[in-house]
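These notes are about the structure you will find just below.
Just so it is clear, none of the values below were taken in a lab; they were calculated from the coordinates. Keep in mind that what you see is a predicted model, and the values were worked out from it rather than measured.
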Ligand SMILES: CC(C)(COP(=O)(O)OP(=O)(O)OC[C@H]1O[C@@H](n2cnc3c(N)ncnc32)[C@H](O)[C@@H]1OP(=O)(O)O)[C@@H](O)C(=O)NCCC(=O)NCCS
């Protein structure tokens with residue numbers, strides 16, 4: 001019998017994905033804050049509050065807005081087959097002609113394989129298709145992710161120490177014509 005090969009599917013998040021997205025958020029917070037996953041997630045939630053991708057309702061709303069041609073929260077995941085495990089996601093929100101890339105995370109065991117890059121490109125394509133008026137994508141990168149964003153054309157325009165005591169680089173990338 002032939003064994004099934006691994007492949008990765010990039011798709012819009014479904015409501016039932018929220019638990020896996022919370023789990024990845026805990027991984028991300030622990031990388032940024034250097035504490036254990038649970039503590040780091042609690043710290044993140046205390047400072048910033050829940051994100052739309054952390055609840056069923058938040059994800060449902062993103063789908064409903066998208067269907068009404070009013071996409072606002074872009075929650076795009078990469079799912080590994082055949083086990084159907086979500087190994088990364090990106091979240092961005094559109095405000096008029098700017099999109100804010102709020103979060104991108106790839107499971108540690110799947111990093112450096114080009115999946116982060118897939119998500120950055122999928123996000124840009126989705127925004128260009130649904131909100132062609134968007135002219136730039138903005139993000140806040142920490143020292144460990146700055147280089148990743150620079151590789152995809154983001155430039156540092158400012159830096160500040162955040163409410164969590166971490167240096168955050170404000171980065172921007174122009175998109176569209
Ligand atoms: C930042 C992050 C999303 C990048 O995801 P990733 O899937 O590892 O990214 P990619 O594989 O697309 O690219 C990362 C690097 O791997 C390299 N790479 C890509 N494909 C590769 C391959 N097949 N073999 C070896 N290296 C590869 C890229 O060239 C890139 O190199 P760089 O580090 O010199 O820029 C991921 O490391 C992460 O989740 N970090 C923790 C959370 C975080 O910091 N998020 C950002 C919040 S601001």
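Taking 8 Å as the Cα distance limit and 6 or more residues as the minimum spacing, I'd like the relative contact order of the chain as a percentage. Let's see the in-between values first.
Numbers: 296 pairs, mean separation 32.4, N = 177.
Worked out over the chain, it gives 18 percent.
Give me the percent of DSSP beta bridges within the chain that run antiparallel, rounded to the nearest 5.
Details: 34 of 38 bridges.
Counting DSSP beta bridges with both partners in the chain, the antiparallel share is about 90 percent.
So what's the gap between the Cα centers of segment 47-61 and segment 2-25, to the nearest angstrom?
Segment 47-61 and segment 2-25 have Cα centres separated by 17 Å.
Have a look at 69, 121, 91 and tell me which one the Gaussian network model of the chain (Cα, springs below 10 Å) gives the largest fluctuation.
Ranking 69, 121, 91 by mean-square fluctuation puts 69 first.
I'd like the per residue volume of the convex hull spanned by the Cα atoms of segment 75-123, given in cubic angstrom.
Details: hull volume 3.4 nm³, N = 49.
Once divided by residue count, the hull of segment 75-123 is 70 Å³.
Across 10 Å bins from the origin, how do the percents of Cα pairs in segment 7-174 run, short distances first?
10, 39, 40, 10, 0
Out of 25, 62, 117, any idea which swings most in a Gaussian network model of the chain, alpha carbons joined below 10 Å?
Checking each option, the largest mean-square fluctuation is seen for 117.
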